[in-house]
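Have a look at the structure below before the remarks.
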Amino acid sequence: MIPLVDTHAHLTFPEFDSDRSDVLLRAWGTGLEAIVCVGAGAGMSGNDGVLEFVKEDSRLFAIVGVHPHDAGIMEDSWLGRLEEMAAGEKVVGIGEVGLDYHYKHSEPEAQKRRFRELLSLADRVGKPVVIHDREAHGDIWRIVEEVGIPKAGGVFHCFSGDIEFARKVTGAGFFVSIPGVVTFKNAAALHEVVAEIPLEKMVLETDCPFLAPVPHRGKRNEPAFVAEVAAKVAELKNLSVEDVGRVTSLAARRLFGLPGAELEPHIAYRIRDSLYLNVTNRCNLACRFCPKHNDYEVKGYLLKLEREPSVDEIFLSMGQPEKYEEVVFCGYGEPTLRLEVVKEISRRMKARGVKRVRLNTDGLASLVYGRNVLPELAGLIDAVSVSLNAPDAAAYAKNCPSKYGEAAYEAVCAFIREAGKHIPEVVASVVALPGMDLEACRRRADELGVPLRVREYMNVG
């Protein structure tokens with residue numbers, strides 16, 4: 001089953017009174033590992049109710065707050081009560097709070113005043129804020145800038161902004177929560193957000209009993225249906241549902257401080273239908289765009305090795321490599337710095353019937369070893385992707401500094417030219433850095449006789 005977290009569910013609402021236990025059984029049966037239940041929406045009684053409800057199961061957690069619909073009836077004393085509630089170990093956030101200019105059940109000025117107070121409360125208690133933002137993007141952001149982002153961060157629940165607003169909020173450190181609306185054909189703006197924003201900045205939700213996804217649209221929503229949300233996100237991101245579940249669930253655990261947020265280092269890791277091998281963290285280059293300057297995580301896997309694994313350890317970690325579409329030497333280091341390991345693992349894989357072995361490399365191996373290493377890879381490597389990352393030597397030395405200086409770029413180009421004589425498929429790649437002349441890179445790739453693959457900046461895997 002796919003690990004999933006529903007980060008926003010109103011399970012204490014009357015719509016579930018007749019079969020709440022069955023709803024939970026269906027949720028756990030589909031692979032949900034946790035559900036974050038919302039107290040806001042029925043004055044303070046809703047918060048009292050959700051705190052009692054989450055006691056029933058270790059996989060249930062609560063957020064407490066005052067919905068903008070209730071801003072007009074909110075009493076000053078509620079802030080103190082919410083602060084007391086937030087001290088409970090099962091309370092993982094303050095929410096949903098914010099502004100709703102669609103229904104305006106409370107006057108906008110009352111909503112804004114209470115949002116300021118609740119945003120400050122989230123910061124004071126050290127819990128993330130869950131923001132309700134309906135047709136109020138401008139005022140929401142002005143208040144966030146005025147009051148400040150809580151130190152524990154937060155999430156825009158049921159995200160409804162455009163791509164520019166998504167860039168703004170995620171750039172500031174917020175997560176965006178993707179609801180069942182993403183499965184609707186007319187949700188073009190949300191589709192664009194999901195396609196462009198890094199998966200690591202997303203969590204999933206149902207907002208049940210509302211907003212049931214296709215094919216349940218029009219019916220009562222429930223946590224089990226978050227699987228449909230994950231499937232649509234996977235489609236839009238060109239990832240597997242397993243990838244989406246793993247990454248968004250990890251994001252949810254970290255945002256809300258749920259159990260299971262710690263990762264173990266991985267040698268072999270699966271993305272889509274490919275198996276990747278992380279054989280070293282050493283590298284020839286200090287590329288200014290490399291994500292490992294910030295962390296060693298890729299799509300929910302930790303690639304920070306405690307030590308370099310042996311051939312036997314690598315092969316054991318692979319399980320059944322023949323069942324994957326391809327096996328790729330690509331971790332957070334340069335694989336050819338362990339050239340003999342790459343060759344031996346490839347020999348073993350070929351003996352096991354692995355159909356396609358790919359090497360992702362900086363293309364400096366022949367320079368490093370002082371010999372043409374490509375004949376040694378013939379018959380072992382079926383495809384090689386070489387990081388070109390610049391249209392000329394000067395730009396390469398700036399983007400990818402090394403002890404080799406500008407000579408490194410000519411070595412990469414020579415490697416690409418030579419690779420086609422020994423390896424069936426050769427591709428050059430470039431990271432779409434701000435200011436990168438992609439057309440010039442394409443011309444250079446054409447001169448080298450290989451296609452060019454453009455990789456999205458700051459989005460690996």
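Before moving on, here are some points about what is shown:
- In terms of its C-alpha gyration tensor, region 268-455 has a prolate overall shape, because the principal axis ratio a/c (a ≥ b ≥ c, square roots of the eigenvalues) is not below 1.5 and a/b outweighs b/c.
- Positive-end extreme of charge dipole, region 11-106 - chosen from V97, G72, M44 (charges on Cβ): V97
- Residues W141 and S58, FRET efficiency given R0 of 30 Å [Cβ-Cβ distance, rounded to 0.05]: 0.25
- Inter-probe distance in nm under a simple model that places probes 7 Å from Cα toward Cβ, at K350 and R282: 2.5
- Loop sites here are GluC sites (Glu not before Pro) outside DSSP states H, G, I, E and B with no more than 16 other Cβ atoms within 10 Å. The longest part of the chain free of them is 136-261.
- Projecting the Cα atoms of H266, A251, I314 onto the dipole axis of the chain, where Lys and Arg carry +1 and Asp and Glu carry -1 at the beta carbon, places I314 farthest toward the positive end.
- Violating pairs (Cα-Cα greater than 32 angstrom) within the set K185/K304; K323/K343; K55/K323; K112/K299; K55/K292: K185/K304; K55/K323; K112/K299; K55/K292
- Working note: Karplus 6.51/-1.76/1.60 with θ = phi - 60° gives region 290-296 the couplings 5, x, 6, 5, 9, 7, 10 Hz, where Gly and Pro are set to x.
- Per residue of the chain, the DSSP helices (runs of n ≥ 4 H) give a summed -39500 (n - 2.57) that works out to -11000 deg cm²/dmol at 222 nm.
- Note on E425/E262: beta-carbon distance plugged into 1/(1 + (r/R0)^6) with R0 of 35 Å gives a FRET efficiency of 0.40.
- Less than 5 angstrom separates the built amide H of G98 from those of H132, all sequence-distant by 5 or more or on a different chain.
- Other-chain or far-sequence residues with amide H under 5 Å of Y276's (modelled H): Y269, R270, I271, V328
- Among residues other than F256 with Cβ under 14 Å from its Cβ, the summed charge is 0 (Lys and Arg +1, Asp and Glu -1).
- Given charges at beta-carbon only (K, R positive; D, E negative), |dipole| of region 4-256 in Debye: 420
- A simple spin-label model places pseudo-atoms 7 Å from Cα toward Cβ; at I163 and D446 they are separated by 2.6 nm.
- Globularity ratio of the chain, using Cα Rg and 2.2 N^0.38 Å: 1.11
- In plain terms, the chain from S45 to Q320 could stretch by 93.7 nm, reckoned as 0.36 nm per residue minus the Cα-Cα distance.
- J(HN,Hα) series, region 153-162, from Karplus relation 6.51 cos²θ - 1.76 cosθ + 1.60, nearest Hz, glycine and proline x: x, x, 9, 8, 5, 6, 4, 10, x, 8
- Less than 5 angstrom separates the built amide H of R455 from those of V430, V431, A432, all sequence-distant by 5 or more or on a different chain.
- Cβ-placed point charges (K, R +1; D, E -1), dipole of region 268-455 about Cα centre in debye, nearest 20: 260
- Extension gain for the segment I73 to A393, taken as residue separation times 0.36 nm less the Cα-Cα distance, is 108.6 nm to one decimal.
- The charge dipole of the chain, taken about the Cα centre with unit charges on the Cβ atoms of Lys, Arg (+1) and Asp, Glu (-1), comes to about 1480 debye, rounded to the nearest 20.
- Shape class of region 185-264 from the Cα gyration tensor (axes a ≥ b ≥ c, square roots of the eigenvalues): oblate, since a/c reaches 1.5 or more and a/b does not exceed b/c.
- The residues packed around E56, meaning those with a beta-carbon under 13 Å from its beta-carbon, carry a net charge of +2 if Lys and Arg are +1 and Asp and Glu are -1.
- H293-E439 FRET efficiency (beta carbon distance; Förster radius 35 Å; 0.05 resolution): 0.80
- Residue-wise HN-Hα coupling along region 224-235, computed from phi with Karplus coefficients 6.51, -1.76, 1.60 (Hz; x: Gly, Pro): 4, 6, 4, 4, 5, 5, 4, 5, 5, 4, 4, 4
- For region 417-459, backbone nitrogen atoms closer than 17 Å to the point 7 Å from E410 Cα along Cα-to-C-beta are found at 417-418, 448.
- Pairs of Cα atoms farther than 31 Å apart, region 4-256, %: 16
A short reminder: the numbers here are calculations on the coordinates, not readings from a lab. Predicted model only: the values in this text are computed from it and were never measured. In this analysis, Cβ positions are derived from the backbone assuming ideal geometry, glycine residues included, and neighbour counts consider all displayed protein chains.
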